[in-house]
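Input: a single structure, listed below in structure tokens.
The values are calculated or read from the model by the stated rules, or taken from the named source; none is laboratory data. Just so we're clear, the structure is a prediction, and the values are computed from it rather than from any experiment. Positions of Cβ are generated from backbone atoms using ideal geometry, with glycine treated the same way; all protein chains shown enter the neighbour counts. Only protein heavy atoms, including side chains, enter the accessible area calculation; ligands, DNA and RNA are left aside. Shrake-Rupley method; radii C 1.70, N 1.55, O 1.52, S 1.80 Å.
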Amino acid sequence: MTSNLDDFRTTLHSLRVWDGPLPSFDTAAAPAEPLELFREWFTHAAKAGQPEPHTMSLATVDADRRPDVRTLMLHDADERGWHFASHSTSAKGRQLAGQPEAALGFYWPAVARQIRVRGLVTACDAAESRADLAVRSRGALAAALTGRQSEVLSSPEELARVSAESWERAGAEPDAPAPTWTAYVLSPTEVEFFQGDATRRHTRLQYTRTPTTPWTRHLLWP
């Protein structure tokens, strides 16, 4: 156990970040609204070689106000907000039904950039949720048909059986309904852009708005 702990700490303390050249961030030239800048940074991260830049963390709270977080995929980002999907019966689906405020986090270490988004989450209707699933892969449909997300699993064998059945059905019925699959949109009230700096003089630009006021921008201390 001691050897394992020593190896962990040696490895942890040997890690370095942002050793290469980093992009600049001219906050004076930033657009008036955050969506345009998000799209620009997203595309830049993908072209810079960041693996899976569309992965993001979604933070919610449960009925006891305990925080929860998981990683999932961004489906779109438009004037309505940031789009993702899940089963309404999953832990996150139940938590969003009880408390529809949530936060998203993107981290792109290839360019030392982070983006944080907070706001109100709305569940889309059945038609839009079906359309969301229709444009995804056979594997995504199979996973949606498998369902039972966050429920207790009795055995790996049960998962293998149900998953195989779902894959077969997804191939035979590409329009097969997954009733609990739900598309969600997070409408932002706060978006923060973080650019890392090797000297730790990081740049943070925060956009905020309210239902009655337009976006405003603030620089934040690192």
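Among the residues that make up the range 94-108, is at least one of them in a loop (DSSP other than H, G, I, E, B) and either open to solvent by 50 Å² or more (accessible area, probe 1.4 Å) or among the acidic types (Asp, Glu) (or both)? Explain how you work it out, then say what you get.
Step one: filter the range 94-108 for residues in a loop (DSSP other than H, G, I, E, B), giving 99-100.
This time we only want the ones that are either open to solvent by 50 Å² or more (accessible area, probe 1.4 Å) or among the acidic types (Asp, Glu) (or both), so: none.
No, the range 94-108 has no match at all.
For a quick check of your reading of the model, give me the residue pairs whose first member lies in the range 14-36 and is among the acidic types (Asp, Glu), whose second is surrounded by 15 or more Cβ atoms within 10 Å (Cβ to Cβ), with beta-carbon atoms closer than 8 Å and at least 6 apart or on different chains.
Close Cβ pairs (under 8 Å, with a partner that is surrounded by 15 or more Cβ atoms within 10 Å (Cβ to Cβ)) amount to 33/207; 33/215.
Yes/no matrix, rows are residues, columns are (1) in contact with a Pro (Cβ under 9 Å, 6 or more places away or on another chain); (2) more than 24 Å from residue 141 (Cβ to Cβ); (3) modelled with pLDDT of 95 or more:
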| residue | (1), (2), (3) |
| --- | --- |
| 84 | no, no, yes |
| 92 | no, no, yes |
| 103 | no, yes, yes |
| 108 | yes, yes, yes |
| 111 | yes, yes, yes |
| 117 | yes, yes, yes |
| 121 | yes, no, yes |
| 126 | yes, no, no |
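Out of the residues in the range 141-192 that are within 18 Å of residue 129 (Cβ to Cβ) and among the acidic types (Asp, Glu), state the one that is nearest to the chain's Cα centre (by Cα).
175
Conditions: (1) in a loop (DSSP other than H, G, I, E, B); (2) of a type in the set (Lys, Arg); (3) closer than 30 Å to residue 24 by Cα. Residue 118 meets all but one. Number of the miss?
It fails just one condition, (1).
Name the single residue that is farthest from residue 22 (Cα to Cα) among those in the range 121-148 being of a type in the set (Gly, Ala, Ser) and in a loop (DSSP other than H, G, I, E, B).
Here is the first cut: in the range 121-148, the ones of a type in the set (Gly, Ala, Ser) are 123, 126-127, 129, 131, 134, 137, 139-140, 142-144, 147.
Subsequent filtering for residues that are in a loop (DSSP other than H, G, I, E, B) retains 137, 147.
Values: 137: 35, 147: 42 Å.
Per the stated criteria, the residue is 147.
Looking only at residues that are in contact with a helix residue (DSSP H, G or I) (Cβ under 6 Å, 6 or more places away or on another chain) and of a type in the set (Gly, Ala, Ser) in the range 145-169, which one is most open to solvent (accessible area, probe 1.4 Å)?
Among residues in the range 145-169 that are in contact with a helix residue (DSSP H, G or I) (Cβ under 6 Å, 6 or more places away or on another chain) and of a type in the set (Gly, Ala, Ser), the one most open to solvent (accessible area, probe 1.4 Å) is 150.
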